[in-house]
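We did not get these values from a lab; they are worked out from the coordinates using the rules stated. From a predicted model like this one, the values you see are computed outputs, not experimental measurements. Every residue, glycine as well, gets a Cβ built from its backbone with ideal geometry; the counts of neighbours run over all protein chains shown.
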Amino acid sequence: MVPTNNKNEWMESMMKYRTPTQWLFALSLMCFSSVTLAQEKGQLDAFHAGMGMSCTDCHGDAQPRQAVPMTKCLECHDTKALAKSTEDTLPTNPHDNRHFSTETNCNYCHHQHQESENYCLGCHLRYEFVVP
């Protein structure tokens, strides 16, 4: 039975009853779960990697890695096609708007290595889009 009258006794008993293999297994689980969480937050980098793309496909060979300009996104993504695919979005089309037309910088909303955001919400509180 594990004593629970104070924190130190509980920790000492846990250390006594666990083998190094069990601790290594627990540590491995924690490490792999944090990698998974990081991939979920940066959905687009995982999506692009799933398509067989590498970091250098967008960032090039420069070290340290540089931010990817919108012109690089446009090599694969067509802004007019994106605007057409989201034309029924309400209250307004995020890919064809009065501020930027179809030339909104992709990086305002879509982030590769962190959670994407709805850039419109900075000024327009009613524009609640889900941004992949």
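With respect to the conditions (1) more than 19 Å from Cys58 (Cβ to Cβ); (2) not in a loop (DSSP other than H, G, I, E, B), Asn107 lacks only one, and its number is (1). The single condition among (1) in contact (Cβ under 8 Å) with a residue 40 or more places away in the chain; (2) in contact with a Leu (Cβ under 8 Å, 6 or more places away or on another chain) that Thr102 does not satisfy is (1). For first residues located in region 46-63 and without any contact (Cβ under 8 Å) to a residue 60 or more places away in the chain, partners that are outside any helix (DSSP H, G or I) and lie 6+ apart or on another chain with Cβ distances below 6 Å form the pairs Cys58/Val68; His59/Arg65.
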